[in-house]
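Enquirer: Below you'll find the structure I mean.
What follows is calculated from the coordinates using simple rules that are stated; it is not laboratory data. Since this is a predicted model, take the numbers as computed values, not measurements. Cβ coordinates were reconstructed from backbone atoms using ideal geometry, including for glycine residues, and neighbour counts include every protein chain displayed.
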Amino acid sequence: MKKVISILISCVLGFTFFANAQSNTGYQFTDLKRLPTTSVKDQARAGTCWAWSGISFFESEMMRLGKDSVNLAAMYVVRQAYNDKAVKYVRLHGSLNFAVGGAFGDVIHVLREYGIVPLETYQGLNYGESNHAFGELDVVLKGYVDGVIKNANKRLSTAWQTGFRGILDAYLGAEPAKFTYKGKEYTPKSFASEVVGLNMNDYVNLTSYTHHPFYTSFAIEVPDNWMWETSYNLPIDEFMAVMENAIDKGFTIAWGADVSEQGFLSREQGVAVLPVTDPKEMNGAEIAKWENLPKNQLSAGAFKNGPAPEKEVTQEMRQAEFDNYQTTDDHGMHIIGKAKDQYGNPYYIVKNSWNKYNKFGGYFYASYPFVKSKTLNIVVHKDALPKEIQKKLGLR
């Protein structure tokens, strides 16, 4: 989602200085820049990564602007998005993806239209579970809206939306109309305005694909983009330059990417890499995949012992993988810094929402080739874009 500075990509892609040798010392990282963020959270057994990572991004934005550090309620965002998705799904006679998955645009939409509440006020756990488990809720909600569409009355009742919100109330808890925070009473809208204090119009979606013209915007054609949120389209080198510029200037990045491949070694080694050789690809998303894999499938060959050569990523490669469903709307995360390995190759530092599951406490390191290849879209503050790119997109 952002850049205009030359990013040393040739260095990371080449690995020429050790192309014929493997390290036996594993990955050794040195953080070059690590921006402020709140604690790592746990989405548990719910496909809500987009909400947790989007909220984490805005929490860091508050910190960047010198505001109080606040843990915001991702489940409040999920609840409001689920409700609006149901209305659109019924309006389209079911011709829309209806599931818990979403996108960063959903988070922006909810903060703009409904506000937000602190995590301490709304945790969305009202159904006998100690942590999030949406297996039943997702099925119940889908069955309800399908029943509304197929009902034999040949017309919609005036009660169906109240009934849908009733299910959300039962599972997630009623949404708070008013609450007290640090001794002052707020509504979700006033809390978003007075405490969070971010202008949602300052944030832009960015992507990089050739099936639409560059420097225009389009709705990325993936199922979870149910709102049809548009993203500005940049050539890949400018896209990567935005990301580099953002971190260098103190802006974090909401990162939507595909992690359904063996190069994503976050659970075992805390890294995401793009092997030169093509290991067997995995299907699906989220942490359950990694937990169910045999141990010998969790490492991508040459990367067991440390850094090794990675693919050189081109615009054409990105497009082919998107067109062939090899890059999908798989997982939302939060890029909060950059680092280098023991050979000087650059990585982004990524905050995940799978609790503190690995040796880096829930963070991992994504190589520049992995990010360049597998990023679907990003969200960043518009001021994180280099001025030349802002002009090309009409943002200045």
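Enquirer: Under 5 Å between amide H atoms, partner at least 5 residues away or on a different chain: which partners does residue 376 have, H built in plane at 1.01 Å?
Expert: When sequence neighbours closer than 5 places are left aside, the close amide H contacts are 256, 257, 258.
Enquirer: Taking only Cα atoms, what is the 0 to 90° angle, nearest 10, from helix 74-91's long axis to the longest principal axis of the chain?
Expert: Helix 74-91 sits at roughly 70 degrees to that axis.
Enquirer: A follow-up question, please. Quick one: check the C-alpha center-to-center distance for the stretch 216-236 versus the stretch 156-200, whole angstrom.
Expert: Cα centroid to Cα centroid, the span is 28 Å.
Enquirer: Sticking with this one: Place +1 on the Cβ of every Lys and Arg and -1 on the Cβ of every Asp and Glu in the chain, take the dipole about the Cα centre, and give the residue among 327, 74, 151 whose Cα lies farthest towards its positive end.
Expert: Farthest along the dipole direction, towards plus: 74.
Enquirer: Let me ask something additional. What do you get for trypsin sites (Lys or Arg not before Pro) in the stretch 167-209 restricted to DSSP loop and a cutoff of at most 16 other Cβ within 10 Å of the site's Cβ?
Expert: Counting only loop positions with at most 16 other Cβ atoms within 10 Å, the trypsin sites (Lys or Arg not before Pro) in the stretch 167-209 are 178, 182.
Enquirer: Identify, among 124, 222, 308, the residue whose Cα sits farthest towards the positive end of the charge dipole of the stretch 9-392, taking +1 on the Cβ of Lys and Arg and -1 on the Cβ of Asp and Glu, with the dipole about the Cα centre.
Expert: Farthest towards the positive end: 124.
Enquirer: Can you compute the FRET efficiency between residue 182 and residue 316 using 1/(1 + (r/R0)^6), with r the Cβ-Cβ distance and R0 = 41 Å? Round to the nearest 0.05.
Expert: 0.20
Enquirer: Can you give the angle from 0 to 90° between the axis of helix 160-172 and the longest principal axis of the chain, with both taken from C-alpha atoms, to the nearest 10?
Expert: 60
Enquirer: Hey, another quick one. Around residue 80, with a cut-off of 9 angstrom between Cβ atoms, what is the net charge of the other residues, counting Lys and Arg +1 and Asp and Glu -1?
Expert: Taking every Cβ under 9 Å from that of residue 80, the sum is -3.
Enquirer: 222 nm [θ] for the chain, helices only, -39500 (n - 2.57) per DSSP H run of 4+, per residue, to 500?
Expert: Value at 222 nm, helices only, nearest 500: -9500 deg cm²/dmol.
Enquirer: With the contact rule set at Cα under 8 Å and sequence spacing of 6 or more, what percent relative contact order holds for the chain?
Expert: Reported as a whole number, the value is 29 percent.
Enquirer: Another question, then. Just from the alpha-carbon atoms, what are the Rg and Dmax of the chain in angstroms?
Expert: 21.1, 71
Enquirer: How do 52, 228 line up, fewest other C-beta atoms within 10 Å first?
Expert: 228, 52
Enquirer: Let me ask something else about it. Mind listing the phi-derived Karplus ³J(HN,Hα) values for the stretch 175-186, rounded to whole Hz, using 6.51, -1.76 and 1.60 with θ = phi - 60°, and x for any glycine or proline?
Expert: My calculation for the stretch 175-186 gives 6, x, 6, 9, 7, 10, 9, 6, x, 10, 8, 9 Hz in order.
Enquirer: Could you please rank 56, 190, placing first whichever residue has the fewest other Cβ atoms within 10 Å of its Cβ?
Expert: 190, 56
Enquirer: Which aspartates and glutamates does residue 33 reach when only Cα atoms under 19 Å apart count, and residues fewer than 8 places away in its own chain are ignored?
Expert: 59, 61, 244, 248, 341, 383
Enquirer: Quick one: 381, 93, fewest Cβ neighbours within 10 Å first, how do they rank?
Expert: 93, 381
Enquirer: Going through the stretch 300-392, which trypsin sites (Lys or Arg not before Pro) have at most 16 other Cβ atoms within 10 Å and a DSSP loop state?
Expert: Sparse-neighbourhood loop trypsin sites (Lys or Arg not before Pro): 304, 356, 359.
Enquirer: Round to the nearest 10 and give me the degree value, 0 to 90, for the angle of helix 49-64's Cα axis relative to the longest principal axis of the chain.
Expert: Its long axis makes an angle of about 80 degrees.
Enquirer: Something else now. Work out the length of the dipole vector of the chain about its Cα centre, built from +1 on the beta-carbon of each Lys and Arg and -1 on the beta-carbon of each Asp and Glu, and round it to the nearest 20 debye.
Expert: Computed charge dipole of the chain: roughly 600 debye.
Enquirer: Take every DSSP beta bridge whose two residues both sit in the chain, then give the antiparallel share in percent to the nearest 5.
Expert: If I count the DSSP bridges inside the chain, around 90 percent turn out antiparallel.
Enquirer: Karplus couplings for the stretch 314-326 from phi (6.51 cos²θ - 1.76 cosθ + 1.60, θ = phi - 60°), rounded to Hz, Gly and Pro as x?
Expert: Once rounded to whole Hz, the list reads 10, 4, 5, 5, 4, 5, 4, 6, 5, 5, 9, 6, 7.
Enquirer: Also: Obtain the nm distance between the two label points defined at residue 218 and residue 39 by a simple spin-label model: each point lies 7 Å from its Cα along the Cα-to-C-beta direction.
Expert: Calculated label separation equals 4.4 nm.
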